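Participant: Got a structure for you, questions after.
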Amino acid sequence: MTTTPSGGEPYLLTPGPLTTAPETKAAMLQDWGSRDSRFIDTVADIRNRLLAMAGAGAAHDCVLMQGSGTFAIEAALSSFVPRSGRALVVINGAYGHRAAKILAILGRDHVTLDMGETTAPLGADVAAALENDPAITDVFVVHCETTTGILNPLADIARAVQAAGRRLIIDSMSAFGALPLDLDDVPFDVMVSSANKCIEGVPGFAFAIARKELLEGAEGRSHSLSLDLNAQWQGLNRNGQFRFTPPTHAIMAFHQALLLHEREGGVAGRGRRYGDNFRVLVKGMREMGFETLLDDDWMAPIIVTFLQPADPGFEMGRFYDEIRARGFAIYPGKLTVAETFRIGCIGQLDTGVMRAALAAIREALDAMGVRNGAPVLP
Ligand SMILES: *Cc1c(COP(=O)(O)O)cnc(C)c1O
């Protein structure tokens with residue numbers, strides 16, 4: 001797998017959309033009517049497979065929602081946070097900030113627990129915030145904050161939320177399917193993820209796994225016709241269909257991606273491959289003098305943030321272009337604290353691809369006359 005995927009496409013070393021398998025792309029070559037019984041059966045199978053992946057029993061159900069991950073986050077916040085409720089948004093990156101912004105637009109009362117960009121919230125931090133504010137009804141937390149690639153200690157936080165008797169809404173967009181998120185260890189009320197991250201589908205829809213009791217209670221609560229998860233759930237349960245045009249090709253591709261996920265050994269197998277990618281990447285980058293933003297303990301095998309080199313010959317735009325010309329797309333940083341760039345470990349990539357990417361990075365440095373990746377340290 002060390003040559004580019006096909007037709008000169010670059011490998012996408014990004015947080016998504018990702019490089020997908022040829023079988024996944026091929027599943028999009030047929031047009032489906034939204035009422036075709038095979039399409040409807042496929043949607044049902046997807047919902048069941050996602051529930052199984054989360055270790056869900058009869059108390060939870062899975063609702064698919066058209067759009068990117070943010071659409072499903074907005075749908076979940078509008079459908080599940082009561083209009084008279086108050087949410088605690090745990091923030092350590094752009095996606096926490098985005099959830100707070102959605103709540104502000106929705107007019108839902110909320111407070112934030114802002115940990116900065118390089119610190120993970122602990123269960124004890126969340127417990128203290130809940131104890132100080134009994135009016136909080138719901139807690140929103142991001143599993144892997146893709147802004148930096150930090151892995152938040154979800155099980156610890158979930159137990160704190162459960163002990164305090166509040167609801168937990170998880171954004172596991174960039175982790176679900178590769179990092180364990182099982183209801184046995186992480187009691188959650190709602191979890192949102194999307195098609196085009198660790199399950200390696202193509203963009204087009206996202207999904208929520210939620211307690212049925214909450215789905216039932218959400219009737220008439222959303223501000224939105226299209227982003228109403230209760231109405232979407234009722235529609236899917238009534239006749240297996242989406243209420244509005246489904247992304248048929250993306251759904252068929254996702255189903256194929258789920259079969260490949262199963263063949264790879266499910267969450268454990270996927271996580272193992274990403275972990276191998278991650279270790280090869282971090283070791284190779286450190287050998288070139290680069291430094292990671294985060295300590296090893298907090299890095300998820302999903303995406304890694306590197307500090308930009310101090311060498312005056314280094315120029316980020318040129319670095320990107322040189323690597324891109326060699327068949328790899330990396331990702332700019334999204335931080336306020338430091339000049340960084342990010343390299344993803346997810347998608348149809350293996351250690352051979354990661355080694356080829358490292359060679360391209362070395363060549364890019366050479367092309368700029370940069371001796372090594374050592375950053376300016378604060
Ligand atoms: C990708 C991602 C999202 C959703 O982003 P979209 O661009 O709307 O798909 C939300 N949260 C996290 C943590 C993500 O990584």
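Participant: May I ask you to give the percent of accessible area on the chain that is carbon plus sulfur, with a probe radius of 1.4 Å?
Facilitator: Carbon-and-sulfur percentage of accessible area, whole number: 51.
Participant: Also, quick follow-up: Can you work out the Karplus-derived ³J(HN,Hα) for every residue in segment 40-46? Use 6.51 cos²θ - 1.76 cosθ + 1.60 with θ = phi - 60°, whole Hz, and x for glycine or proline.
Facilitator: So the Karplus estimates, Gly and Pro as x, are 4, 5, 5, 4, 5, 5, 4 Hz.
Participant: What FRET efficiency comes out for Gln241 versus Asp31 if R0 is 22 angstrom and r is the Cβ-Cβ distance? Round to the nearest 0.05.
Facilitator: Working: r = 17 Å, r/R0 = 0.75.
Computed FRET efficiency for Gln241 and Asp31 comes out at 0.85.
Participant: Something else about it: Once you keep just the Cα pairs under 8 angstrom separated by 6 or more residues, what percentage relative contact order results for segment 269-367? Don't jump to the answer; show the numbers that get you there.
Facilitator: Numbers: 115 pairs, mean separation 34.9, N = 99.
About 35 percent, as a whole number.
Participant: At 1.4 Å probe size, what's the solvent-accessible area of Glu315? Round to the nearest 10 Å².
Facilitator: Surface accessible to solvent at Glu315 totals approximately 100 Å².
Participant: Would you mind working out the accessible area per residue for segment 181-314, using a 1.4 Å probe, and quoting it in Å²?
Facilitator: Accessible area per residue, segment 181-314: 38 Å².
Participant: Regarding segment 225-292, what is the average projected area of its C-alpha convex hull, in nm²?
Facilitator: 7.8
Participant: In deg cm²/dmol, rounded to 500, what helix-only [θ] at 222 nm does the chain give when every DSSP H run of at least 4 residues adds -39500 (n - 2.57) and the total is split over its residues?
Facilitator: -12500 deg cm²/dmol
Participant: To continue, here is another question. Mean-square fluctuation check for the chain, GNM, Cα pairs under 10 Å: which of Met285, Met252, Met191 is largest?
Facilitator: Highest fluctuation among the options: Met285.
Participant: Next question, about the same structure. When only alpha-carbon atoms are used, what values of Rg and Dmax, in angstrom, describe segment 24-84?
Facilitator: According to the Cα coordinates of segment 24-84, Rg and Dmax are 14.7, 47 Å.
Participant: Another question about this same structure. Just flag the chymotrypsin sites (Phe, Trp or Tyr not before Pro) in segment 200-267 sitting in loop per DSSP whose Cβ has no more than 12 other Cβ atoms within 10 Å.
Facilitator: Those that pass, being in a loop and sparsely packed, are Phe244.
Participant: Give or take rounding to whole Å, what are the principal axis extents of the alpha carbon atoms in segment 215-330, in descending order?
Facilitator: Computed over the Cα atoms, the extents are 60, 35, 32 Å.
Participant: Continuing with this model, one more query. Between His223 and Ala59, how high is the FRET efficiency from 1/(1 + (r/R0)^6) when r is the Cβ-Cβ distance and R₀ = 35 Å? Nearest 0.05.
Facilitator: Calculated transfer efficiency: 0.85.
Participant: I would also like to ask the following. Which residues' amide hydrogens lie under 5 Å from the amide hydrogen of Phe205, considering only partners 5 or more residues apart or on another chain, with H built in the peptide plane?
Facilitator: Residues meeting the criterion, in which the H sits 1.01 Å from N, are Gly67, Ala195.
Participant: Not counting ligands, DNA or RNA, and with a 1.4 Å probe, what is Tyr95's accessible surface area in Å² rounded to the nearest 10?
Facilitator: 50
Participant: Moving on. Taking a ≥ b ≥ c as the square roots of the Cα gyration tensor eigenvalues, with a/c under 1.5 meaning rounded and otherwise prolate when a/b beats b/c, else oblate, which class fits segment 332-378?
Facilitator: Oblate is the answer for segment 332-378, as a/c is 1.5 or above yet b/c matches or exceeds a/b.
Participant: Rank Glu291, Glu117, Glu74, Glu216 by accessible area, highest first, at a 1.4 Å probe radius?
Facilitator: Largest accessible area first, the residues go Glu216, Glu291, Glu74, Glu117.
Participant: With each label point set 7 Å from Cα along the Cα-Cβ vector, what nm distance links Val111 and Ala135?
Facilitator: 0.9
Participant: I'd like the projected area of segment 107-175, averaged over all directions, using the convex hull of its alpha carbons. Report it in nm² with one decimal.
Facilitator: Values: hull surface 18.8 nm².
That works out to 4.7 nm², a quarter of the Cα hull's surface.
Participant: While we're looking at this one, here's another question. With a ≥ b ≥ c taken as the square roots of the eigenvalues of the C-alpha gyration tensor of segment 176-255, please select rounded if a/c is under 1.5 and otherwise prolate if a/b is larger than b/c or oblate if it is not?
Facilitator: Oblate, because a/c is 1.5 or more while a/b does not exceed b/c.
Participant: Given springs between every Cα pair under 10 Å in a Gaussian network model of the chain, which of Leu122, Leu12, Leu293 has the largest fluctuation?
Facilitator: Its mean-square fluctuation being the largest, the pick is Leu122.
Participant: Just how many % of Cα pairs in segment 265-358 lie over 22 Å apart, if you round to the nearest whole percent?
Facilitator: Cα-Cα pairs in segment 265-358 separated by more than 22 Å: 25 percent.
Participant: Amide H to amide H, which residues 5 or more places from Val111 or on other chains are under 5 Å from it, using H placed in the peptide plane?
Facilitator: Under 5 Å from the amide H of Val111 lie the amide H atoms of Ala87, Leu88, Val89, each far enough along the sequence or on another chain.
Participant: To the nearest 10 square angstrom, what accessible area does Lys25 show with a 1.4 Å probe?
Facilitator: Rounded to the nearest 10, the figure is 60 Å².
Participant: Where does the Debye-calculated log10 I(q)/I(0) of the chain sit at q = 0.13 Å⁻¹, using only Cα point scatterers of equal weight, no solvent?
Facilitator: Here the Debye-derived log intensity ratios amount to -1.05.
Participant: List the relative contact order of segment 1-83 as a percent without decimals, with contacts defined as Cα pairs under 8 Å and 6+ residues apart.
Facilitator: So the answer I get is 11 percent.
Participant: Another question, if that's okay. Gap in Å between the Cα centre of segment 225-281 and the Cα centre of segment 153-169?
Facilitator: If we compute the Cα centre of each part, the gap is 25 Å.
Participant: Do you know the relative contact order of the chain, to the nearest whole percent, from alpha carbon pairs under 8 angstrom that are 6+ apart?
Facilitator: Details: 777 pairs, mean separation 90.4, N = 378.
Contact order relative to length: 24 percent.
Participant: Please go through the residue pairs Lys25/Lys197; Lys197/Lys334; Lys101/Lys334; Lys212/Lys334; Lys283/Lys334 and name each one whose alpha carbons sit more than 26 Å apart in this structure.
Facilitator: Among Lys25/Lys197; Lys197/Lys334; Lys101/Lys334; Lys212/Lys334; Lys283/Lys334, the Cα-Cα distance tops 26 Å for Lys212/Lys334.
Participant: Right, here's the next one. Whole Å is fine, so just give me how far the alpha carbon centre of segment 303-317 lies from that of segment 94-113.
Facilitator: One Cα centre to the other: 32 Å.
Participant: Still on this structure, please answer the following. Please arrange Asp109, Asp171, Asp41 by accessible surface area, largest first, computed with a 1.4 Å probe and ligands excluded.
Facilitator: Sorted descending by solvent-accessible area, the residues read Asp41, Asp109, Asp171.
Participant: Could you work out how much longer the chain between Arg279 and Met316 gets when fully extended? Use 0.36 nm per residue separation minus the Cα distance between them, nm to one decimal. It would help to have the intermediate numbers written out before the result.
Facilitator: Numbers: separation 37, 0.36 × 37 = 13.32 nm, distance 2.37 nm.
Extra length from Arg279 to Met316 when fully extended: 11.0 nm.
Participant: Next question. Out of Val111, Val81, Val142, any idea which swings most in a Gaussian network model of the chain, alpha carbons joined below 10 Å?
Facilitator: Greatest mean-square fluctuation among the candidates belongs to Val111.
The values are calculated or read from the model by the stated rules, or taken from the named source; none is laboratory data. It should be emphasised that the depicted structure is a prediction, and the values quoted were computed from it without experimental measurement. Positions of Cβ are backbone-derived with ideal geometry, glycine not excepted, and every protein chain shown enters the neighbour counts. Each accessible area value is taken on the protein alone, full model and side chains, heavy atoms only, with ligands, DNA and RNA left out. Shrake-Rupley method; radii C 1.70, N 1.55, O 1.52, S 1.80 Å.
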